[in-house]
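Take a look at the structure set out below.
Here, each number is a calculation from the coordinates, and none is a lab measurement. Everything numeric here is computed off the predicted structure, so don't read it as measured data. Note that each Cβ is placed from the backbone with ideal geometry, even for glycine, and that neighbours are counted across all protein chains shown.
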Amino acid sequence: MSIPQERRLVTAVPGPRSLELLARKQRAVPSGIGTTLPVFVTRAGGGVVEDADGNSLIDFGSGIAVTNVGNAAPRVVERVTKQVADFTHTCFMVTPYESYVSVCEKLNALTPGDHDKRTFLVNSGAEAVENAVKVARYATGRQAVVVFDHGYHGRTLLTMALTAKNMPYKQGFGPFAPEVYRAPLAYPYRWPGANPAEEAFAQAVEMIDKQIGAQNVAAVVIEPIAGEGGFIEPAKGFLPKLAEYCRANGIVFVADEVQTGFARTGDLFACEDEGVVPDIICTAKGIAGGLPLAAVTGRAELMDAVHPGGLGGTYGGNPLACEAALAVLETIEQEDLVARARRIGEIMLPRLRAMQERFPVIGEVRGRGAMIAIELVEPGTKTPNPAVLQEVVKRCHAEGLLVLTAGTYGNVLRFLPPLVMPEHLLEEGLSILEKAFS
């Protein structure tokens, strides 16, 4: 890596140059565009980001699970650089190009299930989810969509309706798209009963039967691990039961793997953990190493049902992003980043659980692979504790560790380190976190 893999603080965080740029940002950009940590980045790679003041910070965020293969990954740089010199755009719907087809072939082969598949490419995770719903409604002739508590699916009109959390995603932006129904998620830490998988599934089915009618449901849309909701892994057995119910009732089972995909959880896709095979899978974020790209991959009979011209978009499957995606998939395979994600979990989870024993404010440590979170509560209770979360984040940032928050209750610290992060940086970041709690 051309960038030194070290934490280095030469000013306060943020430093004077970043503060100067922040003032410009406030004059030019709407206040609705928030910033987690206002350091303005000049270089990034491996496990660090460098800012305009010369500080080098440990990156536990990966641009929200985007730079799984690292920032400026060599294969990505090489392929994109060559492509940008050839052409930057034609619109695949006007004059196509091979890289788009190659990405679709790869996703058809790599996503769960050995059935015949089709893939098309769009720009963002929200766009992928919205198109999955379009396909499901067209193919089934039904309208209703079922989603789940704590789910996050995007910021467009339809995906805001699918998203559970009001603030900041939905507040003041309604009315939302109709025919969206919400069911309980089997959230083990907060489920009131003894068997969250069975009980949440039974409640979901009862809601569908009473409020909608299974024969009217086009799609069930769910994240295999709820991302923005707080890295909630549904209780074991919940997802397979849900998928089986969908198959039995002609409902399209849509897996939103926007945040969980591309080796993040220690499998190439999170659905693989329980052998769940979705009818449609939505991917984005980690697909193209930071270039805007997303994909909808589904059963051929569903995808081919839509009339010609019914799907697409001007920029979907941009040639630069397609080359980046091919480089990402090659990097995941050649560097065995699935195993690397598991190794990150093997390092992080024991240290975080040791912190949980020391600090009663940590209510739960959870996650798989390199998608890990801790939920903060009032000691001795399960009452959410967002105030302590914000203090811990502030202290981590001041020490040069970039961390992200999440959670329906604003009390979850989430960790998404690049899968190529050197282990010494991973360990150092955990030490900074422990110091922050102390």
Using θ = phi - 60° and the Karplus relation 6.51 cos²θ - 1.76 cosθ + 1.60, list the HN-Hα couplings for region 290-295 in order, rounded to whole Hz, with x at every Gly or Pro.
x, 7, x, 7, 8, 9
Alpha-carbon radius of gyration plus Dmax, which is the widest Cα pair, for region 297-374 in Å:
20.4, 60
Would you compute, for the Cα atoms of region 42-84, the largest minus smallest coordinate along each principal axis and list the three values in descending order, in whole Å?
32, 22, 13
Kirkwood hydrodynamic radius of region 35-182, from inverse mean 1/r over distinct Cα pairs, in Å:
19.0 Å
Region 75-334, convex hull of Cα, quarter of hull surface, nm² -> 14.0 nm²
Give LYS236/LYS285; LYS25/LYS382; LYS165/LYS210; LYS106/LYS165; LYS106/LYS394; LYS165/LYS285 a once-over and call out the pairs whose C-alpha atoms are over 31 Å from each other.
LYS25/LYS382; LYS106/LYS165; LYS106/LYS394
Mean shadow area (nm²) of the C-alpha convex hull around the chain is 20.8 nm²
Restricting to the chain, what percent of DSSP beta bridges are antiparallel, rounded to 5?
65 percent
Farthest toward positive dipole pole in region 75-334 [+1 Lys/Arg, -1 Asp/Glu at C-beta], among THR156, VAL258, ALA294:
THR156
For PHE120, list long-range residues whose amide hydrogen, built 1.01 Å from N in the peptide plane, is under 5 Å from its own amide hydrogen.
VAL296
Under 5 Å between amide hydrogens, which residues at least 5 positions from ASP149 or on another chain qualify, with H placed 1.01 Å from N in the peptide plane?
ALA183, LEU185
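Give, as a single signed number, the net charge of other residues whose beta carbon lies under 9 Å from the beta carbon of VAL48, with Lys and Arg counted +1 and Asp and Glu -1. Please report the intermediate quantities before stating the final value.
Numbers: positive: ARG7, ARG8, ARG43; negative: GLU6, GLU50, ASP59.
Taking every Cβ under 9 Å from that of VAL48, the sum is 0.
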What is the distance in Å between the Cα centroid of region 306-370 and that of region 125-170?
21 Å
Give me P(r) over region 1-48, computed from all C-alpha to C-alpha distances, binned every 5 Å, as integer percentages.
4, 18, 24, 22, 16, 11, 5, 0
Tell me the mean residue ellipticity at 222 nm calculated for the chain from its helices only (DSSP H runs of n ≥ 4, each -39500 (n - 2.57), averaged over every residue, nearest 500).
-11000 deg cm²/dmol
Over all alpha-carbon pairs of region 306-438, lay out the pair-distance distribution in 5 Å bins, whole %, shortest bin first.
2, 9, 16, 18, 15, 10, 9, 8, 6, 4, 2, 1
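Please sort 93-102, 310-319 by packing, taking for each peptide the average over its residues of neighbouring beta carbons within 10 angstrom, highest first.
Numbers: 93-102: 14.1, 310-319: 18.2.
Packing proxy ranking, top to bottom: 310-319, 93-102.
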Amide H to amide H under 5 Å from GLY363: which residues, 5+ apart in sequence or cross-chain, H placed 1.01 Å off N in plane?
GLU375, LEU376, VAL377
